[in-house]
1. Quick check on the chain: what are the equivalent-ellipsoid semi-axes from the Cα gyration tensor, as sqrt(5λ), descending, whole Å?
2. Would you calculate, for the chain, the mean residue ellipticity at 222 nm contributed by helices, counting each DSSP H stretch of 4 or more residues as -39,500 (n - 2.57) and dividing by all residues, to the nearest 500?
3. At 0.36 nm per residue, and after removing the present C-alpha to C-alpha distance, how many nm does the segment from Glu109 to Arg147 gain when stretched out fully?
4. For the stretch 107-117, just list the computed ³J(HN,Hα) in residue order, Karplus coefficients 6.51, -1.76 and 1.60, θ = phi - 60°, integers in Hz, with x standing in for Gly and Pro.
5. Evaluate E = 1/(1 + (r/R0)^6) for Gln357 and Leu162, where r is the Cβ-Cβ distance and R0 equals 22 Å; express this FRET efficiency to the nearest 0.05.
6. In what order do Thr405, Thr143 fall by count of nearby beta-carbon atoms within 10 Å, going from fewest to most?
7. Any chance you could count the Lys pairs in the chain whose alpha carbons are under 26 Å apart, treating pairs 8 or more apart or on different chains as valid?
8. List, in order, the whole-Hz ³J(HN,Hα) value for each residue of the stretch 299-307 obtained from phi through the Karplus relation with A = 6.51, B = -1.76, C = 1.60 and θ = phi - 60°; use x for Gly and Pro.
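Every number here is computed from the coordinates shown, using simple stated rules; none is lab data. Predicted model only: the values in this text are computed from it and were never measured. Cβ atoms come from the backbone with ideal geometry, glycine included; neighbour counts cover every protein chain shown.
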Amino acid sequence: MMNETHDPVLTSWLDSANEPGGDFPIQNLPFAIFRCAGREEAWRAGVAIGDAIVDLAQVHARGLFSAEADEAAAACSATTLNTFMAMGPRHWHALRLALSRALRHGGDESLRSCLIPQDEAEYALPAHIGDYTDFYASIHHATRVGRLFRPDQPLLPNYKWLPIAYHGRASSILVSGRSIQRPLGQRMPPGSEQPVLSPTARLDYELELGIFIGTGNALGQPISLDKAQAHVFGLCLLNDWSAREIQGWEYQPLGPFLAKNFATSISPWIVTMEALEPYRLPWTRDPADPQPLAYLDSQTNRAQGSLDIQLEAALQTAAMRQQGRGPQRLSSSSFRHSYWSIAQMVTHHTVNGCNLQAGDLLGSGTQSGPELSEAGCLLELTEGGRKPLLLHSGEQRGFLEDGDTVVFKAWCERPGAARIGFGSLSGTVLPARAMPADQSV
Ligand code: MN
């Protein structure tokens, strides 16, 4: 439902929030956990506005809001967003509305004393993530990758009937800016009779959205499709770093394991589902494909289950950094191409009674569009490394090399709505740890 916080004509008394093309206008108001960099002060929640952060612990301490908005700001004084996430849509909306009214022209400029420049901030993970599940919701990704791993049968028979996922590892989720160490792992060299342990030579990124659960469900009580939306707090960017030859050797029969659980990066800012309302689109299923079973189908999901979120992956090599070049865009796509909606992922995850909890993270799966130029990972873009990309710097890339920085961005724009953005997600690849002496290849 759209409301006054989405009005595209709203502007803020903070000028930086009104600059065209900015990620954080007054219609966005995403949440992060931050503190002033280099100080040993407490982590707390903040909301982005222009080039600043509204310190919600200060908002609460100064008693600037009342009723549910103040209860929400109090919860945001904690070191993670879990308590606020668990409060549910009424409190999420109350705080958003109070912030929108205070920050707009003619609003309460006493909030100025609660602003901290984003330049001076550092970020932590936005929530304590109890569990992390990664889906596989782009049929374009699944088909192109499936073709590389299994040319005879790219899509397995279950793909069009249920949102496929594996249970990932929560302990190795990192906030943007943290470096990634190239992992060691087992691989089976082509034509060889026994596997070897070595640093991965086929390190890849996966361009995904992260989906933060707000209110959970009790064990044994599934979330129906039309209630699923209200359980989701918001979205961030997610990079599911992947080691492809480790994955190829280990993934059957139980799915990804060490090829993926060495690191997953997420952006610090969570854009709320309420902020994303103007970018909803009908969710459609090709009439030639199987239509979803009843528990995964509803009028509401068909009417507005999809989201038009532009996604972009870019790469900055060490040489580009030395030459003063910025990151080079490798691909772009939109989340609207996803075969399954967020609500369908949540509902399917709980149909057996599995309980989700506040702060749980779901990955959308690599979001690739129908065209090869819209592919969300190098495995697809380079066709398994066979067709390396030629970069502006004169370098080539089949897979990631040490010193490479991967940068993701996302944003939403359409006529009649304000443009909102997700900020960025970046991570740099560090060399592998030295091989154990008795295991060298
Ligand atoms: Mn993934």
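1. 36, 26, 21
2. Details: 12 runs with 86 residues, N = 441.
One gets -5000 deg cm²/dmol as the mean residue ellipticity at 222 nm.
3. Working: separation 38, 0.36 × 38 = 13.68 nm, distance 5.70 nm.
Extending this stretch completely gives an extra 8.0 nm.
4. Values per residue, Gly and Pro as x: x, 8, 6, 5, 5, 4, 6, 9, 8, 10, x Hz.
5. Values: r = 22 Å, r/R0 = 1.00.
Calculated value: 0.50.
6. On the way: Thr405 19, Thr143 16.
Lowest count first: Thr143, Thr405.
7. Working: Lys160/Lys227; Lys160/Lys260; Lys260/Lys387; Lys260/Lys409; Lys387/Lys409.
Lysine pairs meeting the criterion: 5.
8. With coefficients 6.51, -1.76 and 1.60, one gets 4, 4, 4, 5, 6, 8, x, 9, 10 Hz.
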